1. Take region 276-304 and flag every residue that is among the hydrophobic types (A, V, I, L, M, F, W, C) and modelled with pLDDT of 85 or more.
2. State whether the residues of region 305-312 include one that is surrounded by fewer than 14 Cβ atoms within 10 Å (Cβ to Cβ), part of a helix (DSSP H, G or I) and at pLDDT below 90.
3. Please tell me if Y55 is over 54 Å from the mean Cα position of the chain (by Cα) and either modelled with pLDDT under 85 or not assigned by TED's automatic domain parsing to the domain that holds L128 (or both).
4. Say whether the condition of being closer than 23 Å to E136 by Cα, within 19 Å of the chain's Cα centre (by Cα) and surrounded by fewer than 14 Cβ atoms within 10 Å (Cβ to Cβ) is met by at least one residue in region 284-304.
5. List pairs: first in region 87-101 and assigned by TED's automatic domain parsing to the domain that holds K124 and at pLDDT below 75, second charged (D, E, K, R) and surrounded by 10 or more Cβ atoms within 10 Å (Cβ to Cβ), Cβ under 6 Å, 6+ apart or cross-chain?
6. Among the residues of region 79-92, is there at least one that is closer than 30 Å to K187 by Cβ and not polar (S, T, N, Q)?
7. Can you pull out the residues in region 1-48 that are closer than 24 Å to K71 by Cβ and exposed (fewer than 13 other Cβ atoms within 10 Å of the Cβ)?
8. Tally the residues that are outside any strand (DSSP E or B) and small (G, A, S), restricting the search to region 7-45.
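The values are calculated or read from the model by the stated rules, or taken from the named source; none is laboratory data. Please read these numbers as outputs of a predicted model, since none were measured by experiment. Here the Cβ positions follow ideal geometry from the backbone for every residue, glycine too, while neighbour counts run over all protein chains shown.
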Amino acid sequence: MNNLIIIKVKNHINRFIKKCINHQISLLDVNYLGKDTILVTTKIENYKKIKRLNYYSDINIIKYLGFTGTKKHLKKNIYIYIVILFCFLLMEIITNFIVKIDIIHENSQIRKLVANELTDLGIKKYSLAKDFNQLEEIKKTILNNNHSSLEWLSITRKGMTYIVRIEERIITKIEEEKRYAHLISSKDALITKVISSKGSVLVRSGEYIKKNDILISGEIKLYDNVMSNVFAKGEVYGEVWYKTEVSYPKQKEIKDYTGKKRFNISINNKSFFKNKYQKFDQENYRKIKIFWWNVSFCNELEYKLKIISYTEEETIKLALKKIEDEFIIKLKGKGRVISQNVLKKEENNSTMNIRVFVTTNELISKIKYYDIGSDEFDPKNSS
């Protein structure tokens, strides 16, 4: 099939066939279109000979078959295919541009801080989207750079938009026994546990409460009369509900170590022995300084990059584990994840975006300072 053509022959059909047979020209397929017209399949190298012998007939090539046909088709339509390919490439490039960065937080100073950090790390409008591992590194860098300001941060890609969610770190102030304080709720929740060592407990397990409700009051009352004021102490735990989103890759690139290794020396960051492996890690790294030379000794371990593909079920499981790990860090040992329910899942190129409903049992009480006879609440004086 690699060197065949289909030709159309008009006039003197019987004579044409007889001439081809007499000169041992193979006609692989003959189809009659009419009384004096046929379609013939033959080898491409027979075409000139057929034309020479059958000059009295009207002979034209209708179609090239196999590789030759493909090559001629591509040559004829090359500009169309170039335009189609260009359109696909342009679409791929455009859809991988980020046109909006939505930073979600009520504090404008925190939003500005994170926006500046993102810009410095290459996440800005009209820039190419980062892959999953790059986003994770950027997130860690921002949290490390702003350890005292930021508690938690997530970066989720939705189409051509990055959605950045932040939780501000609130540093608990040292309790001052000279002041008075209530313990109030930091979130809407269902009370699961109340521990009190000082103050008047106003809630109990199984009760739904709203954010800023007083849980343990600093006012000690007898009937409706305030007898004294204290600095309320205790812990109140509650069931809290979150909706969160996470993007997780369906493929992961891992290092597959070959078992090959060799010793190398580096002098002022230049390897003494020429690189033997294309990709390698260093172990047993030792440094010494000899006069003005920095000398390093190490073993180089060769590895190759290997792609692991996850099923949809595995991707969701790993994404949920990632969310749980983030909540463990966020709760700082004062709570745990009770359940996770997937609300929505969608695939975006090589990643899966998952929206999850998370239920936690966590510490919800925080301090609210107050002055005797004042009902005003100053957020700056709470922790």
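1. F280, L301
2. Checking region 305-312: at least one residue is surrounded by fewer than 14 Cβ atoms within 10 Å (Cβ to Cβ), part of a helix (DSSP H, G or I) and at pLDDT below 90.
3. For Y55, the condition - over 54 Å from the mean Cα position of the chain (by Cα) and either modelled with pLDDT under 85 or not assigned by TED's automatic domain parsing to the domain that holds L128 (or both) - is met.
4. The answer is no, given that none of the residues of region 284-304 is closer than 23 Å to E136 by Cα, within 19 Å of the chain's Cα centre (by Cα) and surrounded by fewer than 14 Cβ atoms within 10 Å (Cβ to Cβ).
5. So the pair list comes out empty.
6. No: zero hits.
7. M1, N2, S26, L28, D29, E45, K48
8. Looking only at that region, the number is 1.
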